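Following: one structure in structure tokens, then a few remarks.
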Amino acid sequence: MDNNKIQSKVLAISNVTESTYILRLERNGFDFKAGQYLVLSIPGERKAREYSIYSGENDDYIELLIKEVNPGELSHELKHLKIGTKVQISGPFGFFILKDEDIQQKKPVVFVATGTGISPFRSIIRSNPEIDYTVLHGVRYKIEAYHKEDYLPKRFVLCTSGENHADFNGRVTDYLKLNPINLKALYYLCGNSAMVDEAIEILEEQGLPAENIKTEIFF
Ligand SMILES: Cc1cc2nc3c(=O)[nH]c(=O)nc-3n(C[C@H](O)[C@H](O)[C@H](O)COP(=O)(O)OP(=O)(O)OC[C@H]3O[C@@H](n4cnc5c(N)ncnc54)[C@H](O)[C@@H]3O)c2cc1C
């Protein structure tokens, strides 16, 4: 897949929670495999940031799920762009994708995310709804279960570390420690580095081969 560098208009910005929003952009022929990310910048400005693609391969727009971090630069600026403003996107980048053979063979895959780390998984599932997936989503509060309705309830486990009303009360790594690991599955880990490092340790300790683990670190 060739890398593109294109300008793309902002079509919509919609809040999902107080601090997290969806940035919808014109697609303009931008080609990608679900799970990949792009690099976004505002023309004329130097800062550029990576964002995993939240929309599916077949959507005629691109969506990104962005958390406004404080203090942060681009995540704040993007939230306040006017509809119709052009941003620059380049990519796609990354290898955090499901192999075609794993999709065809319906290999079980467990997607482990913290926060907006669910973004590449939503794109993969939206693009390949027939796969045998389980999502473990770790957030602080239940309200951060971004678009939970997009996943089959029996395939989605919400883990909350800050309140007690979810499927599992505790961190996503606590869930991994307390529940059996599927040694035949692929485990995809995405989010903050502390979660990813701890999850690798837990999975390998329980005998999951290292080649069954794929990671994407946001920060
Ligand atoms: C491959 C890749 C994909 C990414 N995909 C996404 C995505 O889909 N959605 C998304 O919101 N971010 C994503 N990020 C993070 C994103 O690139 C920026 O780092 C983030 O938006 C902060 O940028 P900023 O300019 O506002 O703040 P900066 O000044 O660059 O960063 C301030 C601090 O914010 C913290 N931070 C960064 N990202 C997050 C986050 N998501 N949640 C909590 N704290 C954070 C870090 O500690 C950082 O030091 C991704 C990063 C990588 C490397």
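Figures for the structure shown
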{"quantity": "Estimated D of the stretch 100-217 in µm² per second, where Rh is the Kirkwood radius over Cα pairs and Stokes-Einstein applies at 10 °C, 1.306 mPa s", "calculated": "112 µm²/s"}
{"quantity": "For the stretch 4-93: relative contact order, % (alpha-carbon pairs under 8 angstrom, 6 or more apart)", "calculated": "41 percent"}
{"quantity": "Extension reserve of the GLU211-GLN104 stretch, reckoned as 0.36 nm per residue once the Cα distance is removed", "calculated": "36.6 nm"}
{"quantity": "Under 30 Å from LYS5, Cα to Cα: lysines that are on another chain or at least 8 residues apart", "calculated": "LYS33, LYS47, LYS67, LYS79, LYS82, LYS86, LYS99, LYS214"}
{"quantity": "Residue exposure sequence - LYS86, LYS67, LYS5 - by fewest surrounding Cβ within 10 Å", "calculated": "LYS5, LYS86, LYS67"}
{"quantity": "In sequence order, calculated HN-Hα J values of the stretch 89-106 (Karplus, 6.51, -1.76, 1.60; Hz; x Gly/Pro)", "calculated": "10, 10, x, x, 10, x, 10, 8, 10, 8, 5, 3, 5, 5, 5, 4, 7, 6"}
{"quantity": "In degrees, nearest ten, helix 193-205 long axis to first principal axis of the chain (Cα)", "calculated": "30 degrees"}
{"quantity": "Simple Cβ-charge dipole of the chain, Lys/Arg +1 and Asp/Glu -1, about Cα centre, in debye nearest 20", "calculated": "460 debye"}
{"quantity": "Stokes-Einstein D (µm²/s) once Rh is taken as the Kirkwood radius of the stretch 1-156 over alpha-carbon pairs, at 25 °C in 0.890 mPa s", "calculated": "153 µm²/s"}
{"quantity": "Estimated Rh, the stretch 56-119: Kirkwood, alpha-carbon pairs, angstrom", "calculated": "15.2 Å"}
{"quantity": "Relative contact order computed over the chain (Cα-Cα under 8 Å; 6+ residues apart), in percent", "calculated": "18 percent"}
{"quantity": "In the stretch 1-47, the GluC sites (Glu not before Pro) that fall in loop regions by DSSP, at most 15 other Cβ within 10 Å", "calculated": "GLU18, GLU45"}
{"quantity": "Cα-based radius of gyration of the stretch 4-93 once divided by 2.2 N^0.38 Å, which approximates compact folds", "calculated": "0.98"}
{"quantity": "Projected label distance in nm at ILE202 and ALA12, using a 7 Å step from Cα toward the beta-carbon", "calculated": "3.5 nm"}
{"quantity": "Set of the stretch 20-63 residues, backbone N closer than 19 Å to the point 7 Å along the Cα-Cβ line of LYS5", "calculated": "28-32, 37-51"}
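Each reported figure results from applying straightforward, stated rules to the coordinates on display, with no laboratory input. None of the values given here were measured: they were computed from a predicted structure. Neighbour counts are summed over all protein chains in view; Cβ atoms, including those assigned to glycine, are modelled from backbone coordinates with ideal geometry.
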